[in-house]
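Just below is one structure, and these are the notes that go with it.
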Amino acid sequence: MQRLLKENKPICIKPPKGYCSAKCLKARTDTVQCAIIIPEVASYSSDTLEIIAPINLREKLLLKDGDTVEVKVTF
């Protein structure tokens with residue numbers, strides 16, 4: 001995760017009070033533009049990230065829990 005952040009220039013998200021800060025990177029799967037969100041939460045593992053997209057990725061990519069998805073950082 002540290003390498004991912006070091007090799008790319010993430011956008012820093014500064015939320016309103018009561019919400020966590022995060023770093024954001026533009027990304028994509030083979031067919032969907034998305035974003036990688038790395039929440040800055042003390043209780044989260046250092047390798048925790050979230051992927052957000054304008055559509056439901058589970059439905060579009062026919063995913064279920066435990067499936068692997070390749071996501072590439074874009075610029």
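Just so it is clear, none of the values below were taken in a lab; they were calculated from the coordinates. All figures in this text were calculated on a predicted structure; none of them were measured in a lab. Cβ: placed from backbone, ideal geometry, glycine included. Neighbour counts: every protein chain shown.
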Inset, instruction - Run the numbers on the chain and let me know its relative contact order in percent, using alpha-carbon pairs under 8 Å that are six or more apart. - result: 27 percent
Inset, instruction - Once you have a ≥ b ≥ c as the square roots of the Cα gyration tensor eigenvalues for the chain, tell me rounded if a/c is under 1.5, and otherwise prolate or oblate according to whether a/b is larger than b/c. - result: prolate
Legend entry - Value of [θ]222 nm, deg cm²/dmol, for the chain, DSSP H segments ≥ 4, -39500 (n - 2.57) each, nearest 500: -2500 deg cm²/dmol
Legend entry - the chain: GluC sites (Glu not before Pro) in DSSP loop, at most 15 other beta carbons within 10 Å: E40, E70
Legend entry - Full-stretch length increase - S45, T68 - with 0.36 nm per residue and alpha-carbon distance subtracted: 6.4 nm
Inset, instruction - Determine, for Y19, Y44, the number of other Cβ atoms within 10 Å of each Cβ, and report the residues in order from fewest to most. - result: Y19, Y44
Legend entry - Total lysine pairs under 22 Å (Cα atoms) in the chain, excluding pairs fewer than 8 apart on one chain: 14
Inset, instruction - Report the label-to-label distance for C24 and K60 in nanometres (one decimal), using points 7 Å from each Cα along the Cα→Cβ vector. - result: 1.6 nm
